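What follows is a short report on a single structure.
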Amino acid sequence: MSDRKLRVSKIRNGTVIDHVSGGQALNVLSILGIDGSEELGVSIVMNVPSAQLGKKDVVKVEDRELSQSEVDVLSLIAPEATINIIRDYDVTRKTRVEQPETVTGILSCPNPGCITNGNEPVETSFSIVADGVRCSYCGTIIRDSLADHIDAE
Ligand code: CTP
Ligand code: ZN
């Protein structure tokens, strides 16, 4: 084995989320709604040295691609992440996440009176503001621990 740094195998098909801020890998899985019951192959490495980030996490999900909403929310907790689409072992597309102006779905509003928490089928929507994310319906701002507001489906 010449590559002494290889920690997890390459994957044949799927998505590699690289350059995730150190320690955020489990929150990435929450955003993707992955809890193990899907029987997807998932590999994670946490807090490995990175030239760019100091420490980074990597999440590899086999046979799965990400939706735009998932990438948008991901950008909030892992602003430097790169999304690599793998087809037959090759990286066929590499994109950096970009912070959008608004994110829809995935996050839930902490205000119990918010219309998004009622019985109406209203998808959540938050705009990115200086001190956090702001509910587009009721104005509640989530300032920290965004990961606690990921809608577990
Ligand atoms: N990868 C993988 N399986 C493959 C191909 C790539 O798991 N079949 C992983 C690599 O281990 C790496 C990421 O996907 O974590 C990106 O691969 P690559 O672009 O080859 O690596 P780098 O050039 O180091 O990426 P970057 O320039 O984005 O740092
Ligand atoms: Zn709200």
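The values are calculated or read from the model by the stated rules, or taken from the named source; none is laboratory data. All figures in this text were calculated on a predicted structure; none of them were measured in a lab. When we count neighbours, we look across all protein chains shown, and the Cβ atoms used for this are built from the backbone with ideal geometry, even at glycine.
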When you look at residue 58, is it under 20 Å from residue 147 (Cβ atoms) and not in a loop (DSSP other than H, G, I, E, B), yes or no? yes
Evaluation of residue 88 against (1) under 17 Å from residue 148 (Cα atoms); (2) at pLDDT 95 or above; (3) of a type in the set (D, E, K, R) (one fails), failing number: (1)
Spans of strands (runs of 3 or more DSSP E) in the range 78-148 with at least 2 residues under 22 Å from residue 19 (Cβ atoms): 82-87, 90-96
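Residues in the range 27-41: is at least one hydrophobic (A, V, I, L, M, F, W, C), farther than 22 Å from residue 125 by Cα, touching a residue at least 12 places away in the same chain (Cβ under 8 Å) and more than 16 Å from ligand 2 (Cβ to nearest atom)? Lay out the reasoning, then the answer.
First, pick out the residues of the range 27-41 that are hydrophobic (A, V, I, L, M, F, W, C): 28-29, 31-32, 34, 40.
Now drop any that are not farther than 22 Å from residue 125 by Cα, which leaves 40.
Add one more test, that the residue is touching a residue at least 12 places away in the same chain (Cβ under 8 Å), and what stays is 40.
Right, trim to more than 16 Å from ligand 2 (Cβ to nearest atom) and you get 40.
Yes, that holds for at least one residue.
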Test result for residue 47, within 16 Å of ligand 2 (Cβ to nearest atom) and either surrounded by 14 or more Cβ atoms within 10 Å (Cβ to Cβ) or farther than 15 Å from residue 150 by Cα (or both): no
Residue hits (the range 107-131; within 13 Å of ligand 2 (Cβ to nearest atom) and free of Cβ contacts under 8 Å to residues at least 24 places away in the same chain) are 112, 115, 116, 117, 118, 120, 122, 123, 125
Quickly run through the range 15-37 and pick out the residues that are part of a loop (DSSP other than H, G, I, E, B) and in contact with a strand residue (DSSP E or B) (Cβ under 9 Å, 6 or more places away or on another chain). 22, 23, 24, 32, 33, 34, 36
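State which residue is farthest from ligand 2 (Cβ to nearest atom) when the search covers only the range 50-92 and only residues that are over 12 Å from residue 28 (Cβ atoms) and among the polar types (S, T, N, Q).
Quick first cut of the range 50-92, residues over 12 Å from residue 28 (Cβ atoms) only: 50-55, 62-65, 67-69, 72, 79-80, 82, 84-92.
Going one step further and asking which of them are among the polar types (S, T, N, Q), we end up with 50, 52, 67-69, 82, 84, 92.
Details: 50: 36, 52: 35, 67: 22, 68: 21, 69: 17, 82: 31, 84: 34, 92: 38 Å.
Here the residue is 92.
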